[in-house]
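All remarks here apply to the structure that follows.
The values are calculated or read from the model by the stated rules, or taken from the named source; none is laboratory data. Quick caveat: nothing in here was measured; it's all calculated off a predicted structure. We place every Cβ from the backbone using ideal geometry, glycine too, and count neighbours over all the protein chains shown.
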Amino acid sequence: MYPYILAFVGQKGGTGKTTSAVNVGAALRERGFRVLGIDLDPQAGMSRHLGIRAPDGARSIRAALTGDASLLDLVRQTRSGILLVPSHPSLATVGVEVTSYAEQRLSAALRSLTDLPEDRTIHFVLIDCPPSLDLLPLNAIHASHGVVVPLSPEVLPAYTLPAVLKTINEVRVLGRRADLRVLGVLPCQVTRRTRLTQAIRELLPRLAPGVPVLPEIRRSVKVAEAPGNHLPLLQYAPSHPASEDYRSATAALLRSINGRVA
């Protein structure tokens, strides 16, 4: 049953979460899926990347979390073809307003996406999280079927992996979410054949035992240019090798999801 909900989670900023959520979304669009992005980061990186600005909190994901608006009423169309519920800086203080069932608010909001007419069916929801493990990422993890952990090839981001995986496992166990899966670590901004990259490759099995490592996304100036044009890399530079990297990573994700998606 659709939608399949996928969260991009990490404790360190600058690791490729937003870029990966946008470009996995674009790769899914190329395969004919209808994709909805949820910008759950108060910095609104996904919204800026896709060229959408929420003028106030009432027209952002914040309103869905507080129960002031239906999620469907907040959906915006973007130039890329990806649907989006944008963020707003006021999302940073939503925890003050939301007290009861605080970690379940996004799960409740997303229920409006089930049983939509065939021509409006959302196949995938991709959630871009802020770089933390507090209320907003916890909402995303609770709401999701799968989690991807984007990771830049640096020592400090790598050492945050155990805490991220521990949080996901706590949600799985305490939230009775046996279906919640870590679909993989996604290495981003990779400069191949460097000692540091090789060191991180060797470190990952120890820091994240049993967690799949998805196909690497190479570092490229084109990746950095695409947000300024409000397009995913796959549309800004469709034949670029990094675009092919994202297509390969998306294919690996679909194979891992298997059974939920044909």
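Across region 165-192, the qualifying residues are those that are aliphatic (A, V, I, L, M) and part of a loop (DSSP other than H, G, I, E, B), and the one among them that is modelled with the lowest pLDDT is Ala178. Annotation note: of Gly25, Gly32, the sole residue that is among the small types (Gly, Ala, Ser) and in contact (Cβ under 8 Å) with a residue 40 or more places away in the chain is Gly25. Here Glu244 fulfils each of the conditions (1) of a type outside the set (Ser, Thr, Tyr); (2) in contact (Cβ under 8 Å) with a residue 12 or more places away in the chain; (3) surrounded by 11 or more Cβ atoms within 10 Å (Cβ to Cβ) apart from (2).
Being under 22 Å from Arg247 (Cβ atoms), outside any helix (DSSP H, G or I), touching a strand residue (DSSP E or B) at 6+ places or on another chain (Cβ under 6 Å) and in contact (Cβ under 8 Å) with a residue 60 or more places away in the chain is a property that Ala7 has. Just so you know, in region 1-45 the residues that are of a type in the set (A, V, I, L, M) and within 19 Å of Ala237 (Cβ to Cβ) include one that is surrounded by the fewest Cβ atoms within 10 Å (Cβ to Cβ), and it is Leu28.
Note on region 216-236: residues that are outside any helix (DSSP H, G or I) and farther than 17 Å from Leu186 by Cβ amount to 2.
Residues in region 193-215 that are among the aliphatic types (A, V, I, L, M) and in a loop (DSSP other than H, G, I, E, B) were compared, and the one that is nearest to the chain's Cα centre (by Cα) is Leu214. Screening Val185 against (1) in contact with a Phe, Trp or Tyr (Cβ under 7 Å, 6 or more places away or on another chain); (2) over 17 Å from Asp41 (Cβ atoms) leaves a single unmet condition, (1).
In region 216-262, of all residues being among the hydroxyl-bearing types (Ser, Thr, Tyr) and under 25 Å from Gln77 (Cα atoms), the one that is farthest from the chain's Cα centre (by Cα) corresponds to Ser239. Residue under question is Arg255, and the condition is that it be part of a helix (DSSP H, G or I) and farther than 15 Å from Val22 by Cβ; does it hold? So Arg255 fits the description; yes. Cβ-Cβ distances below 9 Å connect the following pairs, each with a first residue in region 39-56 that is modelled with pLDDT under 95, a second residue that is of a type in the set (Asp, Glu), and a separation of six or more residues or different chains: Ala54/Asp39. In region 172-193, the qualifying residues are those that are of a type outside the set (D, E, K, R) and free of Cβ contacts under 8 Å to residues at least 12 places away in the same chain, and the one that is nearest to Gly146 (Cα to Cα) is Ala178. Checked against (1) at pLDDT 95 or above; (2) over 25 Å from Leu84 (Cα atoms); (3) surrounded by fewer than 20 Cβ atoms within 10 Å (Cβ to Cβ), Val213 passes all but condition (1).
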